[in-house]
Amino acid sequence: MARKAKARHSGLVRRHRDFRWFWAGQTVSVMGTQVTAVALPLTAALTLQAGAGAVGVIAAATYLPNVLLPLMVGHWLENRRRRPAMIGADLVRAGTLTLVPVAYVGHFLSLPLLAGVAFAVGAASVVFDVASFAYIPGLVDESDLAAANRAVQGSETAAQTGGPGIAGVLVQWLGPAVAVLVDSASYLASVTGLVGARQPEPAPPPGARHTGIMDGVRLLLRNPYLRALTAHAATYNAFSQVLMVNLVIWLVKDRTVGVGLYGAALTAAGAGAFLGTMSVLRMIGKVGYGRAYVLSLVLFTGVPLLLAPLPLSGTALGVAVGVLMLVSGVGLGGANVLSTTLRQAAVPKAALARSIGSYRLLIFGVIPFGSGLGGLIGETFGSRVGVGIGTLGMALSALPVALGRTRRLRDPKDARPPAEPEAVAVPVLTETNLVVD
């Protein structure tokens, strides 16, 4: 029986046809997204000869929908099937991005057009991401949920690690405006994957109707596990901005770390996250769900505390930072999988969309505050102090989870309230050889 159980949990991508189609489309899509993340700012800078302020406008337009829309999108999606919404969002992203090369060829490319494209793509991405969170628990069996999240997170992490380098090559080869077409095509690949996943999507649960727009926030605050996760993520995101605003100044300007080495150090964080994502289910099997989460937190929030005390400079400092980023990234990759699975398990199926909409609003809404605080600290006390305060805040963010009930969880389904039987149940997984997500 044990051998059969292991066989059941292994190779989700290989044995689950519909999830394989969905995952394949998402893998192509997230890689294409990295091209746009590089190409849009470069289009402004190189094609339109724009300065840093204009590039900042495009970045703000891309990010703004994450503050304005998640709550409304989550509320709207509760009454609707999620797959059509994802297909629609992909088509909007693909069509909108084609405006950039068309405008370039037609000689009417402008900064307002780029900002509008960035905002529209960001808005459609919010719709897709909220719908995807609520869609996956209906696509795979309850026992496969952690493996599915591991697969999706693995693709995203791999794209974040290798995508910028590929994007740079494409931009150099095709030019920034034309390279955006690659991302447009990647969203069509995502549509193909969604269409290929032919498993019928269940109708929205009856409990999804007649809800208030703030019900998702109240749901997060009522459940002690979700409350701790939200407090941790919001605090971490704010102070990680304090860190990143000051880290580049401290390393590159104050300690003469080369720009290339600085980029390599950040890439090491992505490589570590990929390793953590791929090994997290093995950790669950060895130490249990709650302990695996706490261990992941210790790595990705605790290890960065060693950054500010480093007495080095130049290449030696860059290498040391890369090593710390690698180790910290391992914890981050594992924690992302565990957090997503826990939230999907603790939330009733009827509330999945509005819960993730509220969650995204709360954890992304603090990012501008963190960026502003980081700049103020760096200007007032110096960038090294900014790095220290940022990493200290990141470490303290783990306390609501590490000192709360989450560390004692044996099974994610235990985090749901007893009165919510329809929530997703996710048995503890002991398989150690799952295929890539």
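Checking each residue in the stretch 92-141 for being charged (D, E, K, R) and under 15 Å from Val57 (Cβ atoms) picks out no residue at all. With the requirement that a residue be surrounded by fewer than 22 Cβ atoms within 10 Å (Cβ to Cβ), in contact (Cβ under 8 Å) with a residue 60 or more places away in the chain and part of a helix (DSSP H, G or I), what does the stretch 106-127 give you? Of everything in the stretch 106-127, those that are surrounded by fewer than 22 Cβ atoms within 10 Å (Cβ to Cβ), in contact (Cβ under 8 Å) with a residue 60 or more places away in the chain and part of a helix (DSSP H, G or I) turn out to be Leu111, Gly122, Ser125. Criterion first (in the same structural domain as Val259 (by TED's automatic domain parsing), part of a helix (DSSP H, G or I) and surrounded by fewer than 23 Cβ atoms within 10 Å (Cβ to Cβ)) does Gly322 satisfy it? It is true that Gly322 is in the same structural domain as Val259 (by TED's automatic domain parsing), part of a helix (DSSP H, G or I) and surrounded by fewer than 23 Cβ atoms within 10 Å (Cβ to Cβ).
For the stretch 329-377, what are the residues that are in a helix (DSSP H, G or I) and in contact with an Asp or Glu (Cβ under 6 Å, 6 or more places away or on another chain)? Give the derivation first.
Residues of the stretch 329-377 that are in a helix (DSSP H, G or I), as a first pass: 329-346, 349-364, 367-377.
Those that are in a helix (DSSP H, G or I) and in contact with an Asp or Glu (Cβ under 6 Å, 6 or more places away or on another chain): Lys349, Ala353, Arg354.
One line per residue, one yes/no per condition, for (1) hydrophobic (A, V, I, L, M, F, W, C); (2) in contact with a Ser or Thr (Cβ under 8 Å, 6 or more places away or on another chain); (3) under 30 Å from Arg416 (Cα atoms); (4) outside the structural domain of Gly290 (by TED's automatic domain parsing):
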| residue | (1), (2), (3), (4) |
| --- | --- |
| Ala151 | yes, no, yes, yes |
| Ser155 | no, yes, yes, yes |
| Ile166 | yes, no, no, yes |
| Val169 | yes, no, no, yes |
| Leu174 | yes, no, no, yes |
| Asn223 | no, no, yes, no |
| Asn237 | no, no, yes, no |
| Ile249 | yes, yes, no, no |
| Tyr262 | no, no, no, no |
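Scanning the stretch 138-149 for residues that are surrounded by fewer than 24 Cβ atoms within 10 Å (Cβ to Cβ) and not charged (D, E, K, R) yields a count of 4. Consider Pro84 carefully, then state whether it is without any contact (Cβ under 8 Å) to a residue 12 or more places away in the chain and closer than 22 Å to Ile356 by Cα. So Pro84 fits the description; yes. For the stretch 63-81, the condition of being part of a helix (DSSP H, G or I), of a type in the set (D, E, K, R) and modelled with pLDDT of 85 or more holds for none of the residues. Filtering the stretch 76-89 to residues that are surrounded by 17 or more Cβ atoms within 10 Å (Cβ to Cβ) and either of a type in the set (Gly, Ala, Ser) or assigned by TED's automatic domain parsing to the domain that holds Ala238 (or both) leaves Ala85, Ala89. So, Leu281, is that one surrounded by fewer than 21 Cβ atoms within 10 Å (Cβ to Cβ) and not polar (S, T, N, Q) or not? In short, no. Might you check whether a residue that is outside any helix (DSSP H, G or I), surrounded by fewer than 16 Cβ atoms within 10 Å (Cβ to Cβ) and touching a helix residue (DSSP H, G or I) at 6+ places or on another chain (Cβ under 9 Å) occurs anywhere in the stretch 245-260? Yes. If only residues of the stretch 392-411 that are in a helix (DSSP H, G or I) and among the basic types (Lys, Arg) are counted, the one that is nearest to the chain's Cα centre (by Cα) is Arg407.
Considering Val180, Val242, the condition of being of a type in the set (Val, Ile, Thr), over 23 Å from Ala89 (Cβ atoms) and either in contact with a helix residue (DSSP H, G or I) (Cβ under 6 Å, 6 or more places away or on another chain) or in a helix (DSSP H, G or I) (or both) is satisfied by Val242 alone.
Yes/no matrix, rows are residues, columns are (1) assigned by TED's automatic domain parsing to the domain that holds Gln344; (2) within 30 Å of Lys349 (Cα to Cα); (3) in contact with a Leu (Cβ under 7 Å, 6 or more places away or on another chain):
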site: Ala50; (1), (2), (3): no, no, yes
site: Val55; (1), (2), (3): no, no, no
site: Pro65; (1), (2), (3): no, yes, no
site: Gly74; (1), (2), (3): no, yes, no
site: Leu91; (1), (2), (3): no, yes, no
site: Thr96; (1), (2), (3): no, no, no
site: Ala103; (1), (2), (3): no, no, yes
site: Phe108; (1), (2), (3): no, no, no
site: Tyr135; (1), (2), (3): no, yes, no
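The values are calculated or read from the model by the stated rules, or taken from the named source; none is laboratory data. Since the structure is predicted, the reported quantities are computational estimates derived from the model, not experimental observations. In this analysis, Cβ positions are derived from the backbone assuming ideal geometry, glycine residues included, and neighbour counts consider all displayed protein chains.
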